[in-house]
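A.B. asks: Below is a structure I'd like to ask you about.
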Amino acid sequence: MKFSILMNGVTLLLKLKLKRHKFLRDMISVKNHRIVMKTKDGRTGKRFIMINGKFSADDVLTDYDLAYIWKDGDTAFKVLTSNDPTAMYRAQANWDLEMEGDESISIWFSIFLGYATGVLKTGRQRRST
């Protein structure tokens, strides 16, 4: 349940951030990817679609370029909301997360999500002294 709410929240956040920030729109302007985050049982998840600069999301979990397949929703929620930058790598090492498809997309998608969620900051933002 928490994982499903998180996926819907991420979708809404991405749509809002893409409307407000040109640098995020530029990041997807030449991308043609379908990325799925789902549980291993295939019952819960979300597909993020970036085609020619347009973003959308749906519940189709079978047609993708890259899939993040989580052991279960609770594990996915815990890792995705963690402040630990190595949490996803640890999840992969423990077989709590598997990737299927073109894994080279995962680096770009992680950076895109980082900027969109505010975990990563752009160079334009000032640091306090």
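We did not get these values from a lab; they are worked out from the coordinates using the rules stated. This structure is a prediction, so every number in the text was calculated from the model and none was measured. Positions of Cβ are backbone-derived with ideal geometry, glycine not excepted, and every protein chain shown enters the neighbour counts.
A.B. asks: With respect to Asp84, is the statement that it is surrounded by fewer than 16 Cβ atoms within 10 Å (Cβ to Cβ), among the acidic types (Asp, Glu) and within 16 Å of Val119 (Cβ to Cβ) true?
C.D. replies: yes
A.B. asks: Against the definition (closer than 18 Å to Glu103 by Cα, among the aromatic types (Phe, Trp, Tyr) and surrounded by fewer than 20 Cβ atoms within 10 Å (Cβ to Cβ)), how does Tyr64 come out, yes or no?
C.D. replies: Here the answer is no, as Tyr64 does not meet what is asked.
A.B. asks: So which residues in region 47-82 are small (Gly, Ala, Ser) and touching a helix residue (DSSP H, G or I) at 6+ places or on another chain (Cβ under 9 Å), if there are any at all?
C.D. replies: Gly53, Ser56, Ala57, Gly73, Ala76, Ser82
A.B. asks: For a quick check of your reading: which helices (runs of 4 or more DSSP H) sit entirely within region 34-129 and have at least 1 residues that are among the polar types (S, T, N, Q) and touching a Leu at 6+ places or on another chain (Cβ under 7 Å)?
C.D. replies: Qualifying helices (runs of 4 or more DSSP H): 105-117.
A.B. asks: Pull up region 17-38, narrow it to residues that are basic (Lys, Arg) and out of contact with any Lys or Arg (no Cβ under 9 Å at 6 or more places or on another chain), then point me to the one that is nearest to Met1 (Cα to Cα).
C.D. replies: Lys17
A.B. asks: A follow-up question, please. Quick check on Lys17: is it without any contact (Cβ under 8 Å) to a residue 24 or more places away in the chain, in a helix (DSSP H, G or I) and either at negative phi or not small (Gly, Ala, Ser) (or both)?
C.D. replies: no
A.B. asks: Taking region 13-28 as the search range and keeping residues that are within 15 Å of the chain's Cα centre (by Cα) and either over 14 Å from Gly118 (Cα atoms) or among the charged types (D, E, K, R) (or both), which one is surrounded by the fewest Cβ atoms within 10 Å (Cβ to Cβ)?
C.D. replies: Only one residue tops the list, namely Lys15.
A.B. asks: Still on this structure: Condition first: under 13 Å from Thr117 (Cβ atoms) and loosely packed, with under 15 Cβ neighbours inside 10 Å. Now tell me which residues in region 1-12 satisfy that.
C.D. replies: Of everything in region 1-12, those that are under 13 Å from Thr117 (Cβ atoms) and loosely packed, with under 15 Cβ neighbours inside 10 Å turn out to be Gly9, Leu12.
A.B. asks: On the basis of being surrounded by 13 or more Cβ atoms within 10 Å (Cβ to Cβ), within 29 Å of Arg20 (Cα to Cα) and among the aliphatic types (A, V, I, L, M), does Met50 make the cut?
C.D. replies: Here the answer is yes, as Met50 does meet what is asked.
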